[in-house]
1. Just how large is the dipole of segment 109-207 about the Cα centre, in debye to the nearest 20, putting +1 at every Lys and Arg Cβ and -1 at every Asp and Glu Cβ?
2. Please compute the contact order of the chain in relative form: average sequence separation of alpha-carbon pairs under 8 Å and at least six residues apart, divided by the residue count, as a percent.
3. Rounded to the nearest 20 debye, what is the charge dipole size of the chain about its Cα centre when +1 sits on each Lys and Arg Cβ and -1 on each Asp and Glu Cβ?
4. Can you tell me the orientation of helix 230-249 relative to the chain, as the angle in degrees between its alpha-carbon axis and the longest Cα principal axis, to the nearest 10?
5. Where the centre of each part is set by its Cα atoms, how far does segment 253-267 sit from segment 98-157, in angstrom?
6. First check a/c for segment 183-289, with a ≥ b ≥ c the square roots of the eigenvalues of its C-alpha gyration tensor; if it is under 1.5, answer rounded, and if not, answer prolate when a/b is larger than b/c or oblate otherwise.
7. Around T172, under 15 Å between beta carbons, what's the net of Lys plus Arg minus Asp minus Glu among the other residues?
8. Near D123, within a Cβ-to-Cβ distance under 15 Å, what is the net charge of the other residues, with Lys and Arg +1 and Asp and Glu -1?
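Read the figures in this text as sums done on the coordinates, not as results from a lab. Keep in mind the model is a prediction, meaning the values are calculated, not measured. Counting neighbours? That spans all protein chains shown, and the Cβs are built from the backbone with ideal geometry, glycine included.
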Amino acid sequence: MKGSVRMLLAAAVLAVMQAGTSCDAETIRIAAQKTGTLAWELAVIRSHGLDKKANLSIDTVELASPEAGKIALRAGTADVMVSDWPWVSRERSLGAKLQFYPYSSALGAVMVPASSPIKTLADLRGHKLAIAGGAIDKNWLLLQAALKQDGIDLKSQSTIVYGAPPLLAAKTVSGEMDAVLNYWNFCAALEAKGFRRLAGMEDILKKLGTKGRIAMIGYVFDEAWADAHRDTVARFIAMTRAAKEILATSDAEWDAIAPLTGAPDAATLHAYRDRYREGIPRRPVADEEADARVLYRVLAQIGGRELVGNATELDPGTFYQAIPGD
C-alpha cells in the first residue's frame, strides 16, 4: 500500500509539472554507465517522453566505471549519479555534503550450481567462495557479520577468491568456484543458466536487524545543488518513478530495451526483468534511513576506517526526501 501511495504521489507531481511546463526545459546532467541499469531507465524516459512531461532536458554523461561518476560529480561536470549510501555518508563526514535518494533495492546473492551439495550458508565452510569486488565489498562484510552471529568465520574457514563480477560469474559457470557472492544482475544471469540462490542479501540483512528490503544504491547529488533546485529534483524523481512503473508493468518494454541489457537470450532478459522489478523501492524514505543506520553500524564495526572513515554513525543528512509523504 505504501508503495502504491508513493507511485500515485509521483504521478500527481508529474501531472502538475506537465500542466505548468515552460518553454525552456531545465537540464540535468546524469552520469551513467552505458551498460548500467540507469541506462535502461533513461531509454524508457526518452521513448515515452517522460523528460518532456517533466519539463527536463537530460544530458547523459557516459562513464566507463562508477568511480568515474564520483569524479564527475565532485568535479561539477555531473549533477546526478548512482552510488551507495555508505559512500555518501563517508563523503559527508569528510566535508563533501552529498545526498542520497533510493534508486534500487535489488541486492546480490550467494549462488551455487543447482546440483551443489551446499544447502545452507554454514555449508560454505571448507569450500571455494568467490567474492565480487574486494575484501571490503559491502555485501561480503555484511555476510560475514551475519554468519559470525552463528559462530561461523567464513574468511578463515573457506577459500576466498576476490575478483571482478563478470570474471567470477564465468569462473562459477566453468566450475572453478563452489559458490559466488555477486551483484544482482550477475546473479540473475546465473539463475537463467540454472544456478540456485543459496541466500539473497535481503535475507542476510534481516539477520542484522533490518525491517525490509533496503535500497543500497540511489541517486546521489550535491546538497547545495538540491537545495537550490528542489522543484527540479522533485520533477526528476517523479519522472524516474514513472519510468520504473512502466518497467514494472510492461513486458513489451523489456523487449524494447533488451539490446541495452546485454541479455544473450530470453531467459536472461526475463531474469533481469523479474529481479529489477523486485528491487523497485516502495518504502518510505524514513524506513529506508532507519535500516541504513542499523547496517552502517555493522559496516563501521567490521569494515573499519578503511570503509567508513572516522564516522561510526550514518550522517543524519545522508537521505533526501524528494516529495512530501515520501
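1. The calculation lands at about 40 debye.
2. Values: 542 pairs, mean separation 92.8, N = 326.
The normalised contact order for the chain reaches 28 percent.
3. Numbers: 38 positive and 38 negative charges, 131 e Å.
Result for the chain is approximately 620 debye, rounded to the nearest 20.
4. 60
5. Between the Cα centre of segment 253-267 and that of segment 98-157, the gap is 28 Å.
6. On the way: a/c = 2.49, a/b = 1.32, b/c = 1.89.
Oblate.
7. Taking every Cβ under 15 Å from that of T172, the sum is +2.
8. Value of the local net charge: +2.
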